[in-house]
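The values are calculated or read from the model by the stated rules, or taken from the named source; none is laboratory data. Just so you know, these numbers come straight off a predicted model, no measurement behind them. Glycine also receives a Cβ, built like all others from the backbone with ideal geometry; neighbour counts cover every protein chain displayed.
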Amino acid sequence: MRQLQDKEIATLVVYGCSAENWKEVLVDENFTADFIQNVHFSGNITLGIFDKVVELPGGVRKHTGIFNCHLHNCSVGNNVYINKINNYIAGYDIGEDAYIENTDCIVAEKGSLFGNGTLVACMIESGGREISIFNDLSAPLAYIMTFYRHDKTLVQALEKSIKEHIEKLIPEKGTIGKCSKIVNCGSIKNVCIGDYSRVEGALLLDNGFIVSNGAAPVVVGAGVMANDFIIQSGSSVTDAAMLTRCFVGQGCIISKQFSAIDSVFFANCQGMHGEAVSVFAGPYTVSHHKSTLMLTSLYSFMNAGSGTNFSNHMYKLGPVHQGVTERGVKTSSSSYIMWPARIGAFSAVLGRHKGNPDIQHLPFSYLMENNGESNLLPGINLHSAGTIRDVQKWPKRDLRKGEKIDPVCFDFLSPYSISKAMKGIEILKDLLVNMDPEANFVWYQNCKIKRSSVRKGIELYEMAIDSFIAQTVVNTAETQNSNVTSGAGEWVDLAGLMAPKNETDALCERIAGGEIPVETIQQELLQLFKNYRAFSFNFVKSLVESRYKKSFDKLTEKDKNDILKKGKAAETAFNDLILRDARKEFSSTSKTGFGIDGDDAVRDADFEATRGTFDDHPFVVERKKLIN
C-alpha cells in the first residue's frame with residue numbers, strides 16, 4: 001500500500017471527496033481515483049483497486065467503486081461496490097467483490113464480541129440453564145452445557161474453555177466478507193458478515209455473527225430484526241423474522257414472521273409463523289404454522305402441528321417449569337401440553353394434556369385426549385406410515401454443505417430407543433400384574449391405558465427389539481470394531497448424537513478434571529459419532545448374550561437362525577401394518593372432494609390423476625421391496 005499522490009487527492013476533491021487527514025488514506029499500488037465520488041474519509045483507511053463492472057439481476061451494470069458515503073477506520077478490498085450509505089460505515093474490513101448499497105449505518109465498535117459469549121436462557125425463562133453461544137457451537141456440546149448443570153465443576157470448566165475459545169474467534173474489527181451483498185438495510189451494528197452472505201432489506205442487526213462461506217452462503221432477508229445472535233453457514237433468516245439472543249445452526253430456515261427469544265436451533269431446523277421462547281431445538285425441529293408456541297422445552301426431530309401450545313403457566317414462583325420431548329415427537333393441530341412433562345421418543349401427541357405426563361419410558365406411543373383425559377397407546381407409532389416417512393426424509397433434507405458441525409444419528413430403531421422400549425416392557429408387565437382383574441384400564445403417570453393397549457404395547461416393543469437385533473446381527477461385519485468396547489447399558493441422546501452413557505460420562509469427567517480446549521471437546525464428540533455403529537453392535541451383543549446366556553462368539557448357527565427368523569417375522573409384520581396404515585390415504589374417505597362435478601367414477605379418476613395409486617406410490621413400492 002502507498003499514500004495518495006497529490007494529483008490523486010486533487011482528483012478526489014474534484015469528485016466531491018474529503019478527508020480529515022489524506023495521509024491516513026493508503027491505497028493499492030495500482031489504485032486510480034476514477035470511481036470514488038462524494039466520499040468522506042476519516043481515521044485509518046485502506047483502498048484497493050476498482051476495475052470491474054458488476055452485472056445485477058435484470059441486466060443492470062454498475063462499475064465497482066465507492067460513492068456517496070462516509071468511511072471511518074475501514075479497509076476496502078479490490079472491486080468493492082459501495083453506494084448510498086445514509087450515515088456511515090465504521091470499523092470494518094470489507095472483503096473483495098463485496099456489494100453494499102442503500103443502507104443506513106454499518107458500525108463495529110472496539111471490543112465487540114459480535115454475538116459470541118451471549119448468554120441464552122434456554123429451557124427456563126428466568127434462567128438457570130444459560131448457554132454461552134459461539135460461532136462453531138455444536139448441538140451435543142450445547143446439550144451438555146444446558147442439561148448437566150448438576151455437575152458444577154464440569155460447567156465451570158466448560159465456561160472457562162468456551163471463554164478462551166471465543167477470545168480466539170473474535171476479529172479486531174468488524175468484517176464484511178468477500179463477495180457478500182448488503183442492500184436496502186437499516187442499522188447494522190457490531191455484526192460480522194461472512195463471505196458470500198446476502199443481507200437484503202434487514203431492518204436491524206445488532207451484535208451478531210453471520211458465519212457464511214461460498215459453499216453454504218447465509219441469507220438474511222427483508223424486515224429481519226436480530227439482536228445478540230449467531231447464524232451458521234447455509235441458513236436463511238427472512239421475511240420479517242425476529243431473533244433476540246438466539247443461535248441458528250447450519251442449514252436452518254427461519255422465516256414468515258417467526259419470532260424467537262433465548263432459543264437455540266441446530267442443524268436443519270425450520271421456524272415459520274409461530275413463536276419460540278427459551279427453546280432448545282435439536283436437529284430437524286420444525287414449526288411451520290401460525291399460532292404455534294414452542295416454549296421452555298427440549299425438542300429434536302420434532303414437528304409441531306398448527307396451534308400447538310406448550311405452557312409453563314402452572315408456576316407460583318415464576319416461569320420455571322420445563323418440558324422434554326424426546327426425538328421424533330409430533331403434535332397434531334391445536335395440541336396442548338402443560339409443563340412439566342416428558343414425552344417419549346417418536347410419540348404423537350393429539351389433544352390437550354394438563355396432567356404433566358411423564359412417558360419417557362414408553363416410546364413410539366400415541367398420547368390422545370378423550371373427554372379431558374390423557375389416553376396412552378404404547379408402541380402404536382412403531383407401525384405408523386407417517387413416522388416411517390419422516391425418518392426416511394430427514395437425511396434427504398439435510399441442507400448443510402461442507403463441514404457438518406452437528407453429529408446427527410438418524411436411526412429410528414437404535415440402542416437409545418430400544419433401551420427405552422425394554423424399560424417400557426418392564427413397566428407394562430408390572431402394570432398388568434398389579435391391575436385389578438375386573439378393570440379394563442390402568443393409570444400410569446396421569447395417563448389412562450386400556451388393558452388391551454398394555455398387552456399390545458408389550459407385543460410391539462418385543463417386535464421392535466427382535467427387528468433391531470436381527471438388523472445388527474446381519475450387518476455384523478460393518479458394525480464390529482475391536483477397538484471399541486463400550487455400548488452395553490444405558491444410552492443418551494445428546495440432541496442428535498446418540499452414545500453410550502458411560503462414554504459421555506467419561507468425557508464429562510475429563511472436561512471437569514482438566515483444561516480441555518473446546519476444539520478438542522467437539523472432536524471427541526465427533527469421535528463418539530464415528531463409533532456409533534460399533535457402540536450399537538456392542539449394545540446388541542450384550543442384549544443377545546443376556547437372552548441366550550452365552551458369549552456372542554459362541555452362538556450356534558441355530559441361535560443365529562433363530563435371531564434372524566424372529567427379526568424377519570417382526571419386520572414383515574411391521575411392514576404389513578405400515579402398508580395397511582398407508583392404504584388409508586387411498587380410502588374412499590380420502591377421495592372426498594375429488595371429481596368435484598362428476599360421479600364416483602370421475603372422483604376415482606380425478607384422485608388417481610392427482611394422487612396416483614396405492615401400488616405405484618414410491619413409499620409403498622419401497623416398503624414392498626423390504627418384504628420381498
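Structure above, values below:
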{"read-out": "Which numbered condition MET368 fails, given (1) of a type outside the set (Gly, Ala, Ser); (2) in a strand (DSSP E or B); (3) closer than 24 Å to SER259 by Cα", "value": "(3)"}
{"read-out": "Yes/no for ASP239 being surrounded by fewer than 24 Cβ atoms within 10 Å (Cβ to Cβ) and either part of a loop (DSSP other than H, G, I, E, B) or charged (D, E, K, R) (or both)", "value": "yes"}
{"read-out": "In the range 428-446, the residues that are closer than 15 Å to LEU362 by Cα, part of a strand (DSSP E or B) and either over 34 Å from the mean Cα position of the chain (by Cα) or not assigned by TED's automatic domain parsing to the domain that holds THR572 (or both)", "value": "VAL442, TRP443"}
{"read-out": "The range 10-66 - residue that is basic (Lys, Arg) and in contact with a strand residue (DSSP E or B) (Cβ under 7 Å, 6 or more places away or on another chain) and, of those, nearest to ILE82 (Cα to Cα)", "value": "LYS62"}
{"read-out": "Some residue of the range 132-145 being crowded, with 20+ Cβ neighbours inside 10 Å, farther than 17 Å from CYS508 by Cα and among the aliphatic types (A, V, I, L, M)", "value": "yes"}
{"read-out": "Verdict on LYS189 being modelled with pLDDT of 95 or more, in contact with a strand residue (DSSP E or B) (Cβ under 8 Å, 6 or more places away or on another chain), of a type in the set (Lys, Arg) and crowded, with 18+ Cβ neighbours inside 10 Å", "value": "yes"}
{"read-out": "Selection within the range 537-587 - basic (Lys, Arg) and crowded, with 18+ Cβ neighbours inside 10 Å", "value": "LYS541"}
{"read-out": "Number of positions in the range 57-102 that are under 33 Å from the mean Cα position of the chain (by Cα) and not in a strand (DSSP E or B)", "value": "6"}
{"read-out": "Test result for GLU373, assigned by TED's automatic domain parsing to the domain that holds LEU494 and either in contact (Cβ under 8 Å) with a residue 12 or more places away in the chain or touching a Leu at 6+ places or on another chain (Cβ under 8 Å) (or both)", "value": "yes"}
{"read-out": "Residue within the range 376-391 that is at pLDDT 95 or above, part of a loop (DSSP other than H, G, I, E, B) and not assigned by TED's automatic domain parsing to the domain that holds LEU298 present", "value": "yes"}
{"read-out": "Tabulated pairs, the range 579-592, first farther than 18 Å from THR387 by Cα, second not charged (D, E, K, R), C-beta under 7 angstrom, 6+ apart or interchain", "value": "LYS591/PHE607"}
{"read-out": "Hits in the range 10-44 - residues which are in a loop (DSSP other than H, G, I, E, B) and either of a type in the set (Lys, Arg) or over 45 Å from the mean Cα position of the chain (by Cα) (or both)", "value": "TYR15, GLY16, CYS17, GLU20, ASN21, GLU29, ASN30, PHE31, THR32, ALA33, ASP34"}
{"read-out": "Long-range neighbours under 8 Å by Cβ, at least six apart or interchain, first residue outside any helix (DSSP H, G or I) within the range 447-475, second of a type in the set (Ser, Thr, Tyr)", "value": "CYS447/SER374; LYS448/SER374"}
{"read-out": "Answer from SER365, SER333 - the residue that is modelled with pLDDT under 95 and either closer than 22 Å to GLU459 by Cα or outside the structural domain of ASN309 (by TED's automatic domain parsing) (or both)", "value": "SER333"}
